[in-house]
Amino acid sequence: MNDHEDLPRILMEGVDPAMCNYEQWLSVGMALHDSGHPCSVWEEWSRKDAARYHEGECASKWAGFGRSAHPVKSGTIIALARAQGYDPSGEGHELSWDDTIGGGNDELVVVDRNWLQDEEVPPPRDFSPANELITYLETLFESGENVGINTECWQKDDGRWMPTKGSYDRTAGELIRALYSCGGDIGSVIGDYKKEAGAWIRFNPLDGKGVRDENVTSYRYALVESDELSIGRQYAILRKLELPIAVLVHSGKKSLHAIVRIDAVSYDEYRKRVDYLYDVCAKNGLKLDRQNRNPSRLSRMPGVTRDGKPQYIVARNIGQETFEAWKEYIESVNDDLPDEENLAEVFDHLPPLSPPLISGVLRQGHKMLLAGPSKAGKSFALIELCIAIAEGIPWLGFACAQGRVLYVNLELDRASCLHRFADVYRAMGVNPMDSHTSHIDIWNLRGKSAPMDKLAPKLIRRAAKKTYTAIIIDPIYKIITGDENSADQMAAFCNQFDRVATELGCAVIYCHHHSKGAQGGKKSQDRASGSGVFARDPDALLDMSELPVTESMRAAQSNAATADICLKWLRRFRPDWYELASQDDQCSAVKMMDICREHLPERSMQMMAGEIQEAKNRIAARTAWRIEPTLREFPTFRPRDLWFDYPVHRCDVDGALKDAKVEVSAPWGGNGERKKTPQERRQERKTAFDTAYQACAAGGRVTVEDMASYMGCTEKTVRNRAREMPEYTIEDGYIKEKGKENTE
């Protein structure tokens, strides 16, 4: 390609004069002059920007070209064309290994400037100064937020008017009320302003103490302004970009002021979002003054005039609804994913892993799902986890790092939730008066929850003000967006947890319910209701399944509890207790009851009996559970068995549940629970009866009362069970095994 010969074509097809500033426009003329082309080429190209073209200006400048010792060459025009996305060669080329597919200039480019046409900016309708400003304030501010306004200014040597610090001591509500009653005299509310200069306003709320960035109380909006293009071209690009514009204000001269939604939770996030916003605008032809990035920046106030022309609201609430939606729109057209990394370059400098939050289960900043059937005590387990993290104590036998935790309660009313925390604290043996209850925040949202895509930004905004180690959301069925059986919809839903974890740098822990029916025939990761995304998405999945508790298990627990209570009362009243109860005696509820009757006063026996009955009631209500893991970051561990002893879960340290099996779904369908046959029920009762009899026989003759005490049932039940079994007889209140004599 001959650059000099093709320069006019490249210029006309590849460089938009409306996208060039004055220096670039001048450089184009110099490059054409140096390349031997006539002034008419520059003139014809300049006419494409009708708003800035002036007849005779090109010829006037042309006469002074050619005197510089360092002339502008044709490469300047080629560079401008490339910067605007044009291929000067008019054809492709073979890619080398170092080439980028699509080219860096195409990233984040949404506007095709070759087909862009100016759009007419709507004129003001029934311009009412007070109404313009009221609309602006009602759109951008809450009633109690302080607003910075400025009507005072001074003039620079170049004729430009510059605003002073202004005022910031009134709220939006106060200003709106005053404007409604001002009778159209806006100056009586904001102060008199210079008609040739106009007035200014700050678009983010202030704390009432100043107008610097540190005085901004909410990083809600940013200013987008470009006065290098025609105002019709500005309007066209702003609309094509679909910027989330809350208010678009005409400056009264040659620019539009777009107040763009940013909704950042911190100053650091604000800076990142505004840098991204300005980068996108620049790549799409809006040359912005980067000094306008500050959150405390002034913008043009609607409702005033400037050299006889109104500053007015052109449009409100246009483009995408939120910054996040706009960013997704931009990135759906362009890919700004992180660059790939070469393993050899990082192999010896690997980044540190996040430390464990729950030892062997979950790292800090990662995600965990606790799944289980209804009434498994999942909420209690998560409250236990809150307390374990706050106190730095184990949870279900797993060591926990200490930190601050937010519990998002979506299911319980406020009073029930707070009482439940207090009950669990006491049941875990932690004295709240000597604990770290201040490390736990509770966000009660029953009746006020929103879908997760709406809740996530609110959660991030609130949580960013505090340093949480973990956020626990209980339960997620209250905030699911979409069909839980749809993989793509649940993937989008679970992405919100990634967003929370990434932006806040904390772990996100949530719970979900099982599908209907028995679960023993499924793998633990397949039991959660809905799409398999729930199993694949979290870094750790802990699944809870109920275990059957036999009568013999409850009988053994009742015997152990009774014996322990008897021993406690003996120790309280008999200093010589160790002489009265041998180690073998201490294992038998029957023997310990006999010893207590002989050596304790009647009043103490009555009180002890009440305590024993209370323990038996708890044992009767106790349920058994097995936790099975699916882990991404740690080796798996053996399933862990638990007793849910309301209101807390306790590990099965005695191994009573190790041989229990999770209920298997019936092959014929139904609810998946196979009923036991009469023979199976009789065998289960016989095993429990034999166990109780052998335990009671260790103390001598076995009475019906002894058996009822051991088995935690009534004497009538014991007699009925004995009649079912031909091996036993009952005589004078004693149970005998046929063929054997009970000894004293």
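Give me the base-10 log of I(q)/I(0) for the stretch 275-375 at each q in 0.11, 0.14, 0.22 Å⁻¹, Debye formula, one uniform scatterer per Cα, rounded to two decimals.
-0.76, -0.96, -1.25
Relative to the present Cα-Cα distance, how much length would full extension add between Met433 and Lys738 at 0.36 nm per residue of separation?
103.9 nm
Calculate one ³J(HN,Hα) per residue across the stretch 178-190 by plugging θ = phi - 60° into the Karplus curve 6.51 cos²θ - 1.76 cosθ + 1.60, and present them in order as whole Hz with x for glycine and proline.
5, 5, 5, 10, 8, x, x, 8, 5, x, 5, 9, 9
Helix-derived [θ] at 222 nm for the chain: sum -39500 (n - 2.57) over DSSP H runs of at least 4, divide by residue count, nearest 500?
Rounded to the nearest 500, the figure is -11500 deg cm²/dmol.
Roughly how many percent of the accessible protein surface of the chain is carbon and sulfur, given a 1.4 Å probe and a whole-percent answer?
47 percent
What's log10 of I(q)/I(0) for the chain at q = 0.08, 0.09, 0.11 Å⁻¹, Debye sum over Cα points only, no solvent?
-0.85, -0.98, -1.23
Determine ³J(HN,Hα), in whole Hz, for all residues of the stretch 499-511 in sequence, where each value follows from phi through the Karplus function 6.51 cos²θ - 1.76 cosθ + 1.60 and θ = phi - 60°; x replaces Gly and Pro.
Once rounded to whole Hz, the list reads 4, 4, 5, 5, 6, 9, x, 10, 6, 10, 10, 9, 10.
Would you kindly derive the ³J(HN,Hα) couplings of the stretch 278-292 from the backbone phi angles with the Karplus curve 6.51 cos²θ - 1.76 cosθ + 1.60 (θ = phi - 60°), listing them in order in whole Hz, with x for Gly and Pro?
5, 5, 4, 4, 4, 6, 10, x, 9, 7, 9, 7, 5, 5, 7
If you take the square roots of the eigenvalues of the alpha-carbon gyration tensor of the stretch 400-489 and sort them as a ≥ b ≥ c, do you get rounded (a/c under 1.5), prolate (a/b over b/c) or oblate?
Since a/c reaches 1.5 and a/b is larger than b/c, the shape of the stretch 400-489 is classed as prolate.
Amide H of Thr703: which non-local residues (sequence gap of 5 or more, or other chain) have their own amide H closer than 5 Å, using H built in the peptide plane?
HN-HN under 5 Å from Thr703: Ile735.
Provide the packing ranking of 202-210, 256-264, i.e. peptides ordered by the mean count of other C-beta atoms within 10 Å per residue, highest first.
Result, highest mean Cβ count within 10 Å first: 256-264, 202-210.
Over the chain, average the accessible area per residue using a 1.4 Å probe and give it in Å², no decimals.
So the chain comes to 51 Å² accessible per residue, rounded to a whole number.
Ile262's amide H: which non-local residues (gap 5+, or another chain) put their own amide H closer than 5 Å, with H modeled 1.01 Å from N in plane and none for Pro or chain starts?
The list, which skips near neighbours in sequence, is Tyr221, Ala222.
Which percent, to the nearest 5, of DSSP beta bridges fully inside the chain are antiparallel?
70 percent
Based on alpha-carbon centroids, what's the gap between the stretch 113-127 and the stretch 366-442 in Å, whole number please?
Using only Cα atoms, the two centres lie 57 Å from each other.
For the stretch 188-239 and the stretch 6-66, what is the centre-to-centre distance using only Cα atoms, to the nearest Å?
Value for the Cα centre distance between the two parts: 34 Å.
Under 4 °C and 1.567 mPa s, how fast does the stretch 211-312 diffuse according to Stokes-Einstein, given a Kirkwood radius computed over C-alpha pairs? Answer in µm²/s, whole number. Could the numbers behind the result be given before it?
Details: Rh = 14.0 Å.
Rounded, D is 92 µm²/s.
Can you give the relative contact order of the chain as a percent, counting alpha carbon pairs under 8 Å and 6+ residues apart?
9 percent
Collect residues whose amide H, placed 1.01 Å from N in the peptide plane, falls under 5 Å from the amide H of Gly392; neighbours closer than 5 in sequence don't count.
Gly403
Could you calculate, for the stretch 579-664, the ratio of the Cα radius of gyration to the Kirkwood radius, expressed as Rg to Rh?
For the stretch 579-664, the value is 1.16.
The values are calculated or read from the model by the stated rules, or taken from the named source; none is laboratory data. These numbers were taken from a predicted model, which means no experiment stands behind them. Counting neighbours? That spans all protein chains shown, and the Cβs are built from the backbone with ideal geometry, glycine included. Quick note on the areas: whole protein, heavy atoms, side chains included, nothing else; ligands and nucleic acids left out. Shrake-Rupley method; radii C 1.70, N 1.55, O 1.52, S 1.80 Å.
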